[in-house]
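Novice: Here it is, the structure, as structure tokens.
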Amino acid sequence: MDNIQQVDFFDGLQAGPKHALMYFNAAGISIQLGAYWDKEATVLFFPYKQCNIQETGNKLIVFLNKNATNYISFSADANFAIDLKQKINHKDQSFAATLLSMNVFSLFILVVILLAGVYWGISTIVPWAGLKLIKPSTETELGEKMYQSMMQGETIDHQRTKLLQEFAKSMNLSNTYPIKLTVVKNREVNAYAIPGGNIVVYSGILKAMKSPDELAALLGHETAHINDRHSLRSILRSAATGLIVSVVLNDISGIFSIVVENAEGLRTMHFSRGIEKSADEEGMKLLIKNNIHPLAMKKLMQRLKENSPEIPEVLSFMQSHPATDERIKHATEFAVPYKNSSFAPNPVLDSIWSALK
């Protein structure tokens, strides 16, 4: 075996040293008593993490354990001394020692990264787990509580609500959720979906539209958010930290209250481009299913884009559902296969639309 060195070994029991042989590698120091190395004899092993080195005069002392009861001594001029010193001095530090050795800026960056990682983990895992655990029936119950909370202080147009509900019933929108429509008296050009089936439509957006097909496109888009659980996922993400605490405490009522409190954000919720594109596409599929040309989605977005600048003082539907040129282009491309298709007028929807206007 190469790199075997003679050292003085102190076992902490006797005052004087014992002759010993030392061998060290990347893992630690091996000690065997005697004048020559015997592969069959006992070998004492000491990992570097519990070793410390001290230089006294021309001697190097290596304490082999934390209690400093066992140590070896050899000349500081020995050929192997520098190599052994480097291995001991570069041993793995504890996490706490590493943190203490960092400067303030590096420590701040590390804390930011750790917090960002924790936030990302929570905001990703909670929505995923929530969508797996919350059944549609529970989601509908939860959504109804959100709806009741959000309607406080709102002025509901009951006559138009009844007509809009009839309009929705004349379409096949969802086989999973009971789609319920509410018209709120408000000049805002806005509409939003609540998890479980409720869709709130402001009177301002009804005024902006010019055809029943545009209204059908609006309902298709918002229903897609419900069917694909976009709203629920966003609420779970925004309420993630509080939900974890309630789950740990097994506080079911707390879970419901946290979700309901975060429902207010639905009025101005910003979905990602991908989610909005998906809702547009699923909405157009619903239009086709109801014998309505999918270009109605393009007409809706163009109409809203035209009307938004005319109402600068209100929160535009286009702000929370941005009708970018990209989305309009996507709707146009989606409808290409249906360019020469015939879609018969729907007298029921036309009649209800006339009453709504």
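Novice: Can you sort Ser75, Ser211 by solvent-accessible area, 1.4 Å probe, largest first?
Specialist: Most to least solvent-accessible, the answer reads Ser75, Ser211.
Novice: Would you list which aspartates and glutamates come within 15 Å of Lys85, measuring only between C-alpha atoms, while excluding same-chain residues fewer than 8 positions from it?
Specialist: List returned: Glu55, Asp77.
Novice: Using each residue's phi in the range 339-344, evaluate 6.51 cos²θ - 1.76 cosθ + 1.60 at θ = phi - 60° and report the 3J(HN,Hα) Karplus result to the nearest Hz, with x for Gly and Pro.
Specialist: Values per residue, Gly and Pro as x: 4, 9, 7, 9, 10, 5 Hz.
Novice: Okay, next question. Can you pull the accessible area of Glu333 for me, 1.4 Å probe, Å² to the nearest 10?
Specialist: 100 Å²
Novice: Still on this structure, please answer the following. Tabulate in residue order the Karplus-calculated ³J(HN,Hα) for the range 346-357, using 6.51 cos²θ - 1.76 cosθ + 1.60 with θ = phi - 60°, rounded to whole Hz; enter x for Gly and Pro.
Specialist: 10, x, 5, 5, 4, 5, 5, 4, 4, 5, 5, 6
Novice: Sort Arg273, Arg233 by heavy-atom solvent-accessible area, probe 1.4 angstrom, most to least.
Specialist: Most to least solvent-accessible, the answer reads Arg273, Arg233.
Novice: Please list the non-local residues whose amide H lies under 5 Å from the amide H of Asn186, H modeled 1.01 Å from N, same-chain partners needing a gap of 5 or more.
Specialist: The answer is Ser203, Gly204.
Novice: While we're on this one: Kindly write out, for the range 25-35 in residue order, the coupling ³J(HN,Hα) from the Karplus curve 6.51 cos²θ - 1.76 cosθ + 1.60 (θ = phi - 60°), rounded to whole Hz, with x marking Gly and Pro.
Specialist: So the J values, rounded to whole Hz, are 9, 5, 8, x, 10, 10, 10, 9, 6, x, 9.
Novice: Quick one: which residues, 5 or more positions from Lys59 or on another chain, have an amide H under 5 Å from its amide H? H modelled 1.01 Å from N in the peptide plane, none for Pro or chain starts.
Specialist: Ala76
Novice: Using 0.36 nm times the number of residues separating Arg187 and Lys145, minus their current alpha carbon distance, what extension gain do you get?
Specialist: 12.6 nm
Novice: Which of the trypsin sites (Lys or Arg not before Pro) found in the range 1-88 are in a DSSP loop and have at most 16 neighbouring Cβ atoms, other than their own, within 10 Å?
Specialist: Lys39, Lys66
Novice: Rank Leu13, Leu295 by accessible area, highest first, at a 1.4 Å probe radius?
Specialist: Reading off the accessible areas and sorting them downward yields Leu13, Leu295.
Novice: Turning to a different aspect of this structure: Is the range 133-228 rounded, prolate or oblate when judged by the Cα gyration tensor, a ≥ b ≥ c being the square roots of its eigenvalues, rounded requiring a/c under 1.5 and prolate requiring a/b larger than b/c?
Specialist: oblate
Novice: Under the rule of at least 5 residues apart or a separate chain, name every residue whose amide H is placed under 5 Å from the amide H of Ala20.
Specialist: For Ala20, whose amide H was placed from the backbone, the distant partners under 5 Å are Val7, Phe9, Gly34.
Novice: Let me ask something else about it. What does the net charge come to around Pro212 if you take all other residues with beta carbon closer than 15 Å to its beta carbon, with K and R at +1 and D and E at -1?
Specialist: Residues close to Pro212 contribute a combined charge of +3.
The values are calculated or read from the model by the stated rules, or taken from the named source; none is laboratory data. Source: prediction; values computed, not measured. Counting neighbours? That spans all protein chains shown, and the Cβs are built from the backbone with ideal geometry, glycine included. The accessibility values were calculated without ligands, DNA or RNA, using every heavy atom of the protein model including side chains. Shrake-Rupley method; radii C 1.70, N 1.55, O 1.52, S 1.80 Å.
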